[in-house]
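This report concerns only the one structure given below.
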Amino acid sequence: MASPDLFPNVSFSHVSAPAAAGASTEVTGGATAVFGRDASTGAPRLSLVWSGETQAKHTLEIDLSDAQIFKLGPTEWLCVSGESEAKDGVEEHILNGFMLTLNSLRQKSYSRAIKVVLRTEAESKAFYLAFQQWKHRVISGKAGEPLENGLIIGSKSKFDTKIEASSAKMYFHYYGQLLHQQNMLQDFVRTGTYYATVMENRSDFEGRVVVDVGAGSGILSLFAAQAGARHVYAVEASEMAEHAQRLISGNPSLGQRITVIKGKVEEVELPEKADILISEPMGTLLVNERMLESYVIARDRFLVPGGKMFPTTGRIHMAPFSDEYLYVEMANKALFWQQHNFFGVDLTPLHGSAFQGYFSQPVVDAFDPRLLVSPPTFHTLDFTTMKEEELYEIDIPLNFVASVGTRVHGLACWFDVLFNGSTVQRWLTTAPGSPTTHWYQLRCILSQPLYVMAGQEITGRLHLVAHSAQSYTIYLTMSGWAFSISFVISFFPSIALEADGSCSFGYFLEAKMWGEGAEQGGILQTSTAKLELKEPYYRLSQPQPYVMQQDQQQQQLPSLQPQSPLWDYHYGQD
């Protein structure tokens, strides 16, 4: 082919409604299919050009804005396009065993269908990809809009039924900007770990087909090509697909094996199955933005049985924390509403709502790991086996044992992901005390802190409920025992027999408690919080440097060390 948008020596035939009713369906061979833009309107078109009986050039134009394509065979495609008013009724036509149903109940329907036959399967795949790329330049930015004639064009994709259109528009606009892609690329923990994972596991990529889910700038697709992938399909729904195409085209030695497809993984079709999925679907607290669901859908749609996923597994880590300074900082934000005379107005009726509003914001920042009150626990998400629906609601029981006596101000959370390569297993962590990433850590603050003693059990529940704004509502419950109980101490004489046969005299101390909770060792206290993961407070303050004695480090920090190798791949460092 002269270019990826020009296909010589194709054959096509008209399979329109009039033709099926008895008109000619003569096959025209030796034509050229050309993708391009209309000279007057700039709209993408598919032109089928052939020579007539007088050797004059004839052109059939297909407007891609209202066109759909269906596979009839290895080298045969059905292009359905053009709209006209139709009479009431339902028309059915059969083409090579393919049932074409036109719904025309007093609404517009597709009035023209054209069968296109390519020379080889390779050209057939390229033709389909070109069709999709040119078409999506038309319909991008219209997520959630129903297309006409639902019997030919499927209903809304799963993405559109779950996510409100305004949220999707803002989401794709955000990731369509280079400055945000730069922010992620400059996270060298993130980008470096991905690069190391791919390069260290070349045996997984060499000669394989890879799908980059939510490709963004296309950096992971380029990594996969560097590792020897036979072909990479970079699927990106935002306007960043245009930038990715330019970046990939600017690296021709790699780009010739990468195809950028603009569209959602829930909607696009690929010409072949993938051996590997690679993606960066993690958001704050791992699940924010709900891209993990698209990652799982891509697995079900595109991945061959037994194919690999990078990342493979994710873990949400949690531990109670104590941070008096942060608690006071959040509480003080509502002091404005305690004014009794604000230009003659009493603001205090709104203080309670404002106070709770500030505590409904999860705090995103990097904190000192010494603020943790107990060793952390974690909840695992296996991307290779889990169902998409399991991400709609995540319920995590909490059970900790306090290592110190203090006030517990809430629950600290972070995550890590495993890249389970055949050669090297590598973890990417966002844990406190590890090199800081653009995800930082997240803390859910309780408006009513808990008082705990060393060795005391802290229980509760972290409940995440997905919503249509591409995020989660967090319901947090934490409970512990408070030791505000009346007691009396009695002294009794005691005689002890020593090893040398002598006797020693002393007193035996006995403490008795009574009152509510005495049998359990205290009074049960419970604190709850409802937080919106989509509306965090980006504090982003770095923890202050601190120095710990070696014996203190050995006693306090082992619980924070990941269970698998983490960041040990260095770039530009001694």
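The values are calculated or read from the model by the stated rules, or taken from the named source; none is laboratory data. Keep in mind that this is a model prediction, so the values were computed, not measured. Here the Cβ is made from the backbone with ideal geometry for all residues, glycine too, and neighbour counts use every protein chain on show. The accessibility values were calculated without ligands, DNA or RNA, using every heavy atom of the protein model including side chains. Shrake-Rupley method; radii C 1.70, N 1.55, O 1.52, S 1.80 Å.
Computed values, structure above
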{"quantity": "Nonlocal amide H pairs with residue 303, under 5 Å, H built at 1.01 Å", "calculated": "274"}
{"quantity": "Segment 295-359: chymotrypsin sites (Phe, Trp or Tyr not before Pro) in DSSP coil with no more than 16 other Cβ atoms inside 10 Å", "calculated": "343"}
{"quantity": "Rounded if a/c under 1.5, otherwise prolate or oblate - segment 315-483, Cα gyration tensor axes", "calculated": "prolate"}
{"quantity": "Theoretical FRET efficiency, 1/(1+(r/R0)^6), r = Cβ-Cβ of residue 180 and residue 468, R0 25 Å, to 0.05", "calculated": "0.65"}
{"quantity": "Positive minus negative residues near residue 313 (Lys, Arg vs Asp, Glu; Cβ under 11 Å)", "calculated": "-1"}
{"quantity": "Cβ-based charge dipole, segment 174-280, positive-most Cα from 227, 261, 184", "calculated": "227"}
{"quantity": "Sequence-distant residues sharing a close amide H with residue 451 (under 5 Å, placed H)", "calculated": "408"}
{"quantity": "Calculated FRET efficiency for the pair residue 206/residue 312, C-beta based, R₀ 22 Å, to 0.05", "calculated": "0.70"}
{"quantity": "Probe 1.4 Å - accessible area at residue 173, Å² to nearest ten", "calculated": "120"}
{"quantity": "Only Lys, Arg (+1) and Asp, Glu (-1) charged, at Cβ; segment 315-483 dipole about Cα centre in debye", "calculated": "240"}
{"quantity": "3J(HN,Hα) from dihedral phi, segment 431-436, Karplus parametrisation 6.51/-1.76/1.60, rounded to Hz, x for glycine, proline", "calculated": "5, x, x, 8, x, 5"}
{"quantity": "For residue 175, net neighbour charge (Lys/Arg +1, Asp/Glu -1) across residues whose Cβ lies under 10 Å away", "calculated": "-3"}
{"quantity": "Point-charge dipole on Cβ atoms (K/R +1, D/E -1) for segment 199-296, about Cα centre, debye to 20", "calculated": "280"}
{"quantity": "Rounded to whole Hz, the Karplus (6.51, -1.76, 1.60) HN-Hα couplings of segment 380-387, x for glycine and proline", "calculated": "9, 10, 8, 5, 7, 10, 5, 8"}
{"quantity": "Segment 257-266 - phi-based ³J(HN,Hα) in whole Hz, Karplus 6.51/-1.76/1.60, Gly and Pro as x", "calculated": "10, 10, 10, 8, 10, 8, x, 8, 5, 6"}
{"quantity": "Residue-normalised accessible area of segment 387-465, given per residue in Å² at a 1.4 Å probe", "calculated": "36"}
{"quantity": "Net charge, residue 272 excluded, C-beta distance under 15 Å - Lys, Arg +1, Asp, Glu -1", "calculated": "+2"}
